[in-house]
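The values are calculated or read from the model by the stated rules, or taken from the named source; none is laboratory data. Just so we're clear, the structure is a prediction, and the values are computed from it rather than from any experiment. We place every Cβ from the backbone using ideal geometry, glycine too, and count neighbours over all the protein chains shown.
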């Protein structure tokens, strides 16, 4: 897969293309990262770090912070390595109280999913799935109409509109903003 | 509602890269001078971002689980091979028998999709000429002609995928069918053929991943359900 293809698949591809890109990144980066982490950690920790790294790569692509100056695989590898070093450092701080002076530089707790989950729960499963079908999997309205048993494409559009409006409403009600979701 | 919808459609076009350079510049300018619009865009982008991120995380977990299972399976076979050559021989014999069963299953399930352009003028339309060969089961020749048509599109990709499938070139078939966009009229059909191709390649997990998404009323739903049940019982 080419660099542009990976980015394009992740941001604008169908669900299938996205999974293919993830699979490609996994095969390209995970084995090396795992060997490196296994020197001081476990396989489960390597998996957690890789998942977190991919999630952050996604943020960089979606919010256009990634400038394509380096290869995506190199970038992902660097993110994962930094995450692991931060995790190592956090552990040391926890186990060695002498280092607590540096607490201002401790990595922030990973809070995004803790915020996102209740939001989506409040939005409702049906709305979440419909928004995912349109925005994440890039399905057409005709397909959404069939999959969600809606009367017409216009009904599908209206439903999508209502769901999105509801989601924006929930976010605003809770006073959340961009920074709340980005770690 | 209408107004919001119009604005959101423009946001969609921007985020999905459907605006021309001029339109994009105009959009940036509007954002620069209109703080209300900018706030609305931030809210919109943030909400879509949550939907994306949540689904992406779920996909990461699911892909990693599949890849891990595969890798474990590969390692298991490697150890078995090293440990006992006799066992390997038996396994090979069993595998060949199993593959033969599977191949005959696939042959029974695989029906090339009909040529939907049969009524077109085959003297001047290159696609109709290629698909005429396809109808006559001259898949190699059909493939060569399909490859010559430029630019490619989902119809060409779909029928190329089926030609490869018919020729037993499963990897090329998968690669072609996977390129279909969800908007394609052949998308539903491609899911069935992709499931079948992975099944023929003996990758039951990937076969299931595709076949399970075929819903009632969609192409070959009954066949897909039967195959899913068979695979789950294995």
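At-a-glance table
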quantity: Every residue from region A:58-93 that is buried (at least 17 other Cβ atoms within 10 Å of the Cβ), without any contact (Cβ under 8 Å) to a residue 24 or more places away in the chain and within 14 Å of another protein chain (Cβ to nearest Cβ); calculated: A:60
quantity: Number of positions in region A:12-48 that are facing another protein chain (nearest Cβ under 8 Å), surrounded by fewer than 19 Cβ atoms within 10 Å (Cβ to Cβ) and touching a residue at least 40 places away in the same chain (Cβ under 8 Å); calculated: 2
quantity: Residue under evaluation residue B:206, criteria (1) within 14 Å of the chain's Cα centre (by Cα); (2) at pLDDT 90 or above, criterion not met; calculated: (2)
quantity: Condition check for residue B:48: closer than 26 Å to residue A:160 by Cα, under 27 Å from the mean Cα position of the chain (by Cα) and at pLDDT 90 or above; calculated: no
quantity: Some residue of region A:104-115 being part of a helix (DSSP H, G or I), at pLDDT below 90, over 23 Å from residue A:13 (Cα atoms) and away from every other protein chain (no Cβ under 14 Å); calculated: yes
quantity: Residue match in region B:81-92 (condition: modelled with pLDDT of 75 or more, assigned to a helix (DSSP H, G or I) and within 25 Å of the chain's Cα centre (by Cα)); calculated: no
quantity: Residue identified as at pLDDT below 90, out of contact with any helix residue (DSSP H, G or I) (no Cβ under 7 Å at 6 or more places or on another chain) and in a helix (DSSP H, G or I) among A:70, A:35, A:55, A:60; calculated: A:60
quantity: Residue among A:120, A:76 that alone is under 15 Å from residue A:52 (Cβ atoms) and at pLDDT 80 or above; calculated: A:76
quantity: Subset of region B:171-191 that is buried (at least 19 other Cβ atoms within 10 Å of the Cβ) and either more than 28 Å from residue B:232 (Cβ to Cβ) or in contact with a helix residue (DSSP H, G or I) (Cβ under 6 Å, 6 or more places away or on another chain) (or both) - its residue that is farthest from the other protein chains (Cβ to nearest Cβ); calculated: B:173
quantity: Qualifying residue in region A:142-162 (condition: assigned to a helix (DSSP H, G or I), within 10 Å of another protein chain (Cβ to nearest Cβ), surrounded by 18 or more Cβ atoms within 10 Å (Cβ to Cβ) and at pLDDT below 90); calculated: no
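Results for (1) within 13 Å of chain A (Cβ to nearest Cβ); (2) surrounded by fewer than 18 Cβ atoms within 10 Å (Cβ to Cβ); (3) in contact with a strand residue (DSSP E or B) (Cβ under 7 Å, 6 or more places away or on another chain), shown as yes or no for each residue.
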position	(1), (2), (3)
B:4	yes, yes, no
B:22	no, yes, no
B:30	no, yes, no
B:33	no, yes, no
B:37	no, yes, no
B:40	yes, yes, no
B:46	yes, no, no
B:59	yes, no, no
B:67	yes, yes, no
